[in-house]
Amino acid sequence: MDQRVLEFIGDLRRAEIRISPSEALDALAASAEIGLIDRESFKAALAATLVKESRDLPTFDRLFDLYFLDLQALGAGLAKALGPEDPRIQELLDRLLAEEGLELDDMTELLLRGQGSEMEMAIRSGGQGAGLERLMYLLQVGFFSRRIQDRFDWSAIERDLERLMQALEARGIDPGRLARIRNYLDLRLEAFRRMIRQHVERELERRAHRQGERLTRELLTDKPLFALTPDEVAQMKSVVARLARKIKDALALRRRQEDRGRIDSRRTIRKSLQYGGIPMEIMLRRRHREKPKLVTICDVSDSVRNASRFMLQLVWSLQECFSRVRSYVFVSEIAEVTQAFDTYPVEPAVEWALRGAPVDYHCRSDFGYAFSRFCRTELESLDRRTTILVLGDARNNYNDHQAWALRLIRERVKGVIWLNPEGQWGWGVGDSVMPLYAPSCDVVRECRTIGQLGEVVDNLVHHWWRR
């Protein structure tokens, strides 16, 4: 059971649920104390020791059902799989074994008297060295079922069953009843083989689910944002949430390290002089970093709406990493949506920004007009701790680009970062004015996919704002 729980914890970690070694030990201790008799108590014990946030519960429930699905079958389900029980035959066999003093193989004893849970444990023990970690395809089920079966001494089982039948025949039991007894034993033998195959099939389902989920995530991460279907957009929301958590966890670790401080070698050596050169007291150098300010300006026109959706979701999730976050959306007119981000949960806030803000979502994009309006109304609120993050394709529909506005904004802030969801091959082609805005930007990056967006934001959080 400990090995199974550790495998389960490994998959939880791969699903990006944070579990420390001490929490894993707590889970092992709790599962040993609770046992497997009551599935719900066992599940609650694992959840209490491993899950720290409510948003991780759906992932925990899904993986728990894949790992411990057999716990539900350990009652009537497995008894049914073993075939119909005949109390009179079982009583006759028990009396025969007691009177004749026959010594049977352990597996034969298990087949005669064992319950479903005991058989399942025997199958798990037999499968430990069968190489199930290489199980990936449906066509391999038969092969690995045979490998597990080969770990049991079937010839000894057959010899024991034959001895039982000979002893019953010697007692003068009529042929019809002997045939029923033999059929009863064959059914239990076949049920055990069937349980082995079901065990392999469940292992395949668990591994296929994990591989399939990872493959889907990788494919969607590298798929252009404009090509995502509505169903894929819904799936990508969880990917972006996972990305935000990863960045926040890394930042939290860095802050803890900075709070502790680093060894100041000069002060430590100087302090050690009063102890004869032995560093009895370690002196630390702490460095206070102020959280940066962030202003996001997102184009929410139809051509880049998916990119804006994920950018806004990512910024909402990372708000606590900044001292202040202000968010704006525009097509031609520009409007602030910060209040919605401060008030609503992430999905309602993003949907409101994409559909309910006081801008005309159906007009043609005009970056120049949006920047000039922002410059006239918000320029005085900007300072050297502020970073401007712009997301848009810079397709201005042949309107006046008004690049002067972006230059004025750049003079007031720490830096301007532009994320363009269009490939670089299109910059400056047709109505694209990206080459006119680029000189006023400190960083210009292509962000056609979630993977590229994540790399850029991760780099900004860990490097740009540390300078």
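Full extension of the chain between Q3 and A44 gives 12.9 nm of extra length, using 0.36 nm per residue less the Cα-Cα distance.
Extension gain, S22 to L178: 0.36 nm times the residue separation minus the Cα-Cα distance gives 50.4 nm.
For the listed residue pairs K246/K291; K43/K223; K43/K248; K248/K271, the alpha carbons are over 30 angstrom apart in K43/K223; K248/K271.
The charge dipole of segment 291-466, taken about the Cα centre with unit charges on the Cβ atoms of Lys, Arg (+1) and Asp, Glu (-1), comes to about 540 debye, rounded to the nearest 20.
Between A15 and Q339, the FRET efficiency estimated from the beta carbon spacing at R0 = 30 angstrom works out to 0.30. Mark the label point 7 Å from the Cα of S381 along Cα→Cβ and return the residues of segment 313-347 whose backbone N is within less than 14 Å of it. The answer is 324-329, 334-342. How about K293: which aspartates and glutamates have a C-alpha closer than 19 Å to its C-alpha, ignoring those fewer than 8 places off in the same chain? Those aspartates and glutamates meeting the cut-off are E320, E336, D342, E378, E380, D383, E411, D442, D458.
With the highest mean first, a sort of the peptides 175-187, 269-281 on other beta-carbon atoms found within 10 angstrom per residue produces 175-187, 269-281.
The largest-to-smallest principal axis extents of the Cα set in segment 291-466 are 39, 34, 33 Å.
Every number here is computed from the coordinates shown, using simple stated rules; none is lab data. All values derive from a computational prediction rather than experimental measurement. Methodologically, a virtual Cβ is constructed for each residue, glycine included, from the backbone with ideal geometry; neighbour enumeration extends over all protein chains shown.
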